[in-house]
Every structure is written in C-alpha cells, then in structure tokens.
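*Asks:* Please see the structure below; I have some questions.
Values quoted throughout were computed directly from the atomic coordinates according to the rules given, and no laboratory measurement underlies them. Quantities reported herein were computed from a predicted structural model and do not represent experimental measurements. All Cβ positions, even for glycine, are placed from backbone atoms using ideal geometry, and neighbour counts span all protein chains on display.
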Amino acid sequence: MVLPGFLVVLVFSYFPMYGIQIAFKKYSAVRGMWDSEWVGFKYFILFFQDPMAMRVLKNTILLGIYSLLWGFPAPIILALLFNELKFPKFKKAVQTISYLPHFISTIIIVGILRTFTERDGLFNKIAGWFGIDPIVFLSEPEWFRTIFISSNIWQGIGFGTILYLAALSSVDPTLHDVASIDGANRWQKVLNINWPHIKPTTIILLILSLSGILGTDFQKILMLYNPDTYEVADVIGTYLYREGIMGSRFEYTTAIGLFQSLVAFILLIGANMLSRKVSDTSIW
Amino acid sequence: MVGKESVGSKIFDLFNILLMLVLCVVMLYPFLHVIAVSLSSSEPILRGEITIFPKGFNVGGYKYILQDPFLYSGYAHSIIYALGSTLFMLTFTSLMAYPLTIQDFMAKKFLSIFLIITMFFSGGLIPSYLLARSLHLLDTYWIMIIPGCVSAFNVFLFRSFYQSIPSDLRESAVIDGANEVQILTKIYLSLSKPLLATFALFGIVGSWNGWFEALVYLQDENKYPLQLILRKYLFSISFDSGTGTEVMQAMMAQMNVNPKNIQMAIVVIAMFPIMVIYPFLQKYFVKGVMIGAVKG
C-alpha cells in the first residue's frame, strides 16, 4: 500500500540527494555520476572567490532580513485590527477581500506590477500629485527592494492573519469585561490580553520565517528583475537558475545549492534552540 | 460591554473602519483595473485614463487572444497538470498515511524517519533537473504530475486526521472480513471528505498558479501550462513597432486593439476560474491552514 508513495519519495527526493555528490566531482554525463572524477571542494572555493557570489549572498541575506522586518509584523497588526472590528458582517467581508491576492499567480501579480510601475503607470501618477518626477521603478536598483517587499506584503498580509485570528478567537470575552471594570482602555486590553494569546503562534511562525530567511521567493524575482537591477535583485535562487539551468554549470550550482540548504538547516536549528531558551516554545 | 465607551475608543473605531475600507480598495483596485483595461479602447488606455471602469467598450483584446491556439493548449495543459497532480497526490498520500496509523505495522518507524528526512534535506534544483533529464522525463506530462505528489508534510497531516477516527471502526471491519483497501476507501476516505476536498483545492490552485517547474522541465511550447503562455504575452513578446512581427501588427491594427488590451485580456482569462470559485475556495483554504497549524 505504501509502495507508490515510497517509490515517488525515493526517486524524486532521495535520488537528487544522491546527486548532490556532483558538487564535489567533475561531472561527466557519459561516465555517470558515480564514475565522475572527485575534485574535492573546488566548486565551493570557486564560489567564494567569485565576486558575483558575494553580491548574490549579500542580496539574499539583505532581502531576507528586510522582508522579515517589514513582512512579519504586518499580518499580526492587521489581525489585531480585524479583531477590533465590531460588525461581524463587515469584518467577514474585509477578511475575504484581503485574502484575494493570495490566490493569484505570481506571473499575474508581476504583470500588474509592471503595468503600475511604468513611466505613465499608476504609481507615477500618484507620485505626480506630489510633484515627483516620473521614475521607471523597475529599472532603478534603489527601488527594487521596496517594490518587491511591499508587493509581497500586499499578497500575503490578509491570508497571513488567519492563524493569528484563530488564536485570538480563543480569548475568553469575560477577560475583556473584567479588564474594563478594572478601568483598562482598549490599548491596554490588546497589550495585556490579546497579545499574550497570539504570542506562541507568533514565535512558531517567527522560527519558521527565520529559517526561511535565505529562501526568498526567487521565482517572483525571476519575473521582476532585469539586468538593470541585478546588483540588488540577484539572489541565490535566481543565480542558480541562470548559471545552472540556463548555463549548464551543474557542479558549481549544485555546490551553491548545497551550501544554501546547509545554512538554512543551521538557521532552523539555531532559531528553534533560541526560542526554546527564551520562551519554552519550539516546533519539535 | 461594560461601562460607557470613551471618546478615544469611538475615534479609534471610526479610524479602524476607514483603514479597512482603504485596505479593500488597495486589494481590489488592481483586479478591477485589469478588467477595465481589457475592455477599453486604445485611446483612453494610451492616455492612461482608465481606473476601474472601461472607457469606449472594446472586446478586441479578447478576440485577438482567442485566436491563439496556444491559449487553448495552455488551458488544457493547466487542467491536465492540476487534475493529474491532485489526483495522484490524494491517492498516494492516503495510501501512505493509512498504514502509518496502524499500531502493529512493522515498517512504521522506518517510514516515518524516511519521510521526516525529506522535510529537512533535499537534493535541490540542479540534481532534480539532472535526474529528470537522465530519466528522460523532460518534456513529458509525468514530470509535471508525479515528483511533487507525495510530501512528508501532507502524509503526516493525513495520518493525524486518520488517527482521530476511532480505531474500533477499523477493528470491527476487520472482524467482518474487510480487507485493508476496503477499510481505507469505505471507512477512512469516506470519513475524511472535508480533508480530501481541502487538499484537492490546495493542489489544484497550487498547480494552476505554478509555473517554475514548467519553465525548468518543459522546453516544448506545445506542453506549456497557461501560466507560461501568460508569461510570454506579458513579458516576452514585444508589441512595440519594429520588434513585433508584422502579422501581429497588422492584426492589431485591423482589430483596433492596444497591446495592453491583449495582455489584460489574457490575465482576465487566466484569473477567471480562480475568481469564479473564490468564495468557496477561500473558505476551504482557511480551514486547510487551520488543519495544518493544529496538526503540524
């Protein structure tokens, strides 16, 4: 009964792990992976000596940190605001509308973004009201991160509230009543009642985001960037795609991929340990 | 509520409602704009006058796009990939999760570890690509359907769900002489319909919106899913004079369409199925996220 699933996992998850060995070999399709010649850490050294590599690493880390900094708190704040809405029907309607972008494909979203960021697009029209000269946003490196991260927030903020709202629904309403009798204002109630209820959820999601800090949505970048913005937009994922799939530098890119997954693994373990220490919450 | 609300509290409520209205506008505007542009005539588009209402009604963009055979082939392939991968996902995941709930199943421990490892390690893009190439799976339907169909995460979710089904049911079925396949289909699957529906929707939407696998594994444009056809229209084809082909220029002139008409029309066509089932979809997705959070 387990055989079909077992085989799929074996072939499509374990065989590629076996394929990682080419990161240490001079891969020859004719001789096969196993018989290819060992070259040790050659490709890792090559990567760290490549000036391009430093740029890619820096971009990946910076984009990850900025995304986390801006993107992580956004759904928490929105969930707390949703929770303060008093008309259930209005609340439901706003929630439903806010989930919408989550269901739309990256290609469509980037397509719309390109339209809006054109010289005579919506963003420049709005900028024009404030007397700002038109900017070709997607060709300007200094705008790339802003566009990328804010559109990510637009896509994910609504859907991201779901787990926090679930945690908030477990708040006992009498707690709020008691707090009101004691003279607490709304802000104090949010801070002392609602926030403690969503804290465990927050910590678990933070651990997961921390470990995913290198895993920026490179597929979206692939659609959004262009040679003008490579200097800030090129991340590990896009570099792997260009060099590996387009450029057929298989060993080199496998080595980079291995390096990336090792770092992600260490980050996950580290974040989990840290959280166990400070808050007794951990994902395992 | 206890006591009277303070003025500050009322001001906050008002502010909050206004903020939510702004949020709705921000979330909806892009989609309404896309629909409006797809239906407008050239001149107002060029002057950038379109907001959320079409100006000078014009369906030329749709007419143009509906002549492209790639649109139909993209649609058909997206449906094949979405249904195929979802069907395999549900079948294989159920088949794998069910034995893991049986106490005296020998390989239980081994299989769990076998799956957990894949949650932390993977071969990565390039080894997966080389594997697909050496198995001669590039440019086949299988590569779009099979590789992602069993994920450890899903198997464990299904297992937890099955564990919530009382084991008495299974035991009495065994006594009645039912075999394992019958128990799985008649008892477990029929009791987990909401779970199956939720994951079917997850699978279908994920596959419908996905494109990167297709970009990596498919070179043959005749097997492209809709998203890559969309990509071609939105990003690759240049409609500018000089670079666009003359046939296209002529067709566009004849139909009085703007490149934007065409691009936005195909966006609308690609979003259409998702939008139609959206009210239903979002409900199940919310449920699915909760299942994932509680059990995972």
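*Asks:* Please give the peptides A:111-117, B:263-269 ranked by average Cβ packing (other Cβ atoms within 10 Å per residue), highest first, as a rough proxy for protection.
*Replies:* B:263-269, A:111-117
*Asks:* Over chain A, with a Gaussian network built from C-alpha contacts below 10 Å, which listed residue (A:G212, A:G131, A:G121) shows the highest mean-square fluctuation?
*Replies:* Fluctuation is largest for A:G131.
*Asks:* Could you please rank A:H197, B:H136, B:H33, B:H77, placing first whichever residue has the fewest other Cβ atoms within 10 Å of its Cβ? Can you show the working numbers first?
*Replies:* Details: A:H197 16, B:H136 10, B:H33 19, B:H77 23.
Going from sparsest to densest Cβ surroundings: B:H136, A:H197, B:H33, B:H77.
*Asks:* Check cross-link reach from B:K55 to the lysines: straight Cα distance under 20 Å, and skip same-chain residues fewer than eight apart.
*Replies:* A:K125, B:K63, B:K260
*Asks:* Round to the nearest 10 and give me the degree value, 0 to 90, for the angle of helix B:259-276's Cα axis relative to the longest principal axis of chain B.
*Replies:* 30 degrees
*Asks:* Using helices alone, what [θ] at 222 nm do you get for the protein assembly as shown, with -39,500 (n - 2.57) per DSSP H run of 4 or more residues, divided over all residues and rounded to the nearest 500? Numbers along the way, then the final one.
*Replies:* Numbers: 32 runs with 391 residues, N = 580.
Taken over the protein assembly as shown, the calculation gives -21000 deg cm²/dmol.
*Asks:* If I histogram all Cα-Cα distances within segment A:146-274 using bins 5 Å wide from 0, what percent of pairs lands in each bin?
*Replies:* 2, 9, 13, 14, 14, 14, 10, 8, 6, 5, 4, 2, 1, 0
*Asks:* Can you tell me the dipole magnitude for segment A:39-279 around its Cα centre, using point charges on the Cβ only (Lys, Arg +1; Asp, Glu -1), in Debye to the nearest 20?
*Replies:* Roughly 560 debye for segment A:39-279.
*Asks:* In terms of Cα to Cα distance under 17 Å, which lysines are near enough to A:K189, apart from those fewer than 8 places away along the same chain?
*Replies:* Reachable lysines: A:K86, A:K199, B:K4, B:K10.
*Asks:* Which of the helices in chain A meet the span-like rule: DSSP H, Cα axial reach of 20 Å or more, Kyte-Doolittle mean at least -1.0?
*Replies:* On the way: long enough: A:51-71 (29 Å, 0.94); A:141-168 (40 Å, 0.79); A:195-211 (23 Å, 1.12); A:250-279 (43 Å, 1.06).
Passing helices, by number: A:51-71, A:141-168, A:195-211, A:250-279.
*Asks:* Please check: in the Gaussian network model of chain B (C-alpha springs, under 10 Å), which one of B:D13, B:D68, B:D139 has the largest mean-square fluctuation.
*Replies:* Result: B:D13 has the largest fluctuation of those listed.
*Asks:* So, one more: If you rank B:W208, A:W34, A:W195 by fewest surrounding Cβ atoms within 10 Å, what's the result?
*Replies:* A:W34, A:W195, B:W208
*Asks:* On average, how much area does the Cα convex hull of the protein assembly as shown cover when viewed from any direction, in nm²?
*Replies:* Averaging across all directions leaves 32.2 nm² for the Cα convex hull.
*Asks:* What translational diffusion coefficient, in µm²/s and rounded to a whole number, does the Stokes-Einstein relation yield for segment A:2-149 at 20 °C and a viscosity of 1.002 mPa s, taking the hydrodynamic radius as the Kirkwood radius over Cα pairs? Walk me through the intermediate numbers first.
*Replies:* Working: Rh = 21.1 Å.
Taking Rh from Cα pairs, D becomes 102 µm²/s.
*Asks:* If you don't mind, another one. For helix B:108-120, report the angle its Cα long axis makes with the longest principal axis of the Cα atoms of chain B; keep it between 0 and 90° and round to the nearest 10°.
*Replies:* Around 30 degrees separate the two axes.
*Asks:* Can you tell me the Rg and Dmax of segment B:126-241, counting just the alpha carbons, in angstroms?
*Replies:* Values for segment B:126-241 (Cα only, Rg and Dmax): 20.6, 76 Å.
*Asks:* How high is the relative contact order of chain B? Use alpha-carbon pairs under 8 Å, at least six apart in sequence, and give a whole percent.
*Replies:* It comes to 32 percent, rounded to a whole number.
*Asks:* Which log10 I(q)/I(0) values does segment B:28-79 give at q = 0.27 Å⁻¹ under the Debye formula, counting every alpha carbon as one identical point scatterer?
*Replies:* Calculated log10 I(q)/I(0) at the listed q: -0.92.
*Asks:* For a quick check: with amide H placed at 1.01 Å from N, whose amide H comes under 5 Å from A:K25's, ignoring anything fewer than 5 positions away on the same chain?
*Replies:* Under 5 Å from the amide H of A:K25: A:V39.
*Asks:* Continuing with this model, one more query. Work out Dmax and Rg for chain A from the C-alpha atoms and quote the Rg first, both in angstrom.
*Replies:* Radius of gyration, then largest Cα-Cα span, for chain A: 23.5, 79 Å.
*Asks:* Just round it to a whole percent: the fraction of Cα-Cα distances in segment B:1-125 exceeding 27 Å.
*Replies:* Percent of Cα pairs beyond 27 Å in segment B:1-125: 63.
*Asks:* To continue, here is another question. Give the order of A:F90, B:F235 when sorted by the count of other beta carbons within 10 angstrom, beginning with the fewest.
*Replies:* Starting with the residue having the fewest Cβ neighbours, the order is A:F90, B:F235.
*Asks:* For chain B, compute Rh as the Kirkwood radius over C-alpha pairs and then the Stokes-Einstein diffusion coefficient at 37 °C and 0.692 mPa s; write the answer in µm²/s, rounded to an integer.
*Replies:* 141 µm²/s
*Asks:* A follow-up question, please. Could you give me D for segment A:9-76, from Stokes-Einstein at 37 °C and 0.692 mPa s, where the hydrodynamic radius is the Kirkwood radius over C-alpha pairs? Units µm² s⁻¹, please.
*Replies:* The calculation lands on 217 µm²/s.
*Asks:* For segment B:1-58, just run the numbers: alpha carbon Rg, then divide by 2.2 N^0.38 Å, N being how many residues it has.
*Replies:* Ratio of Cα Rg to 2.2 N^0.38 Å: 1.86.
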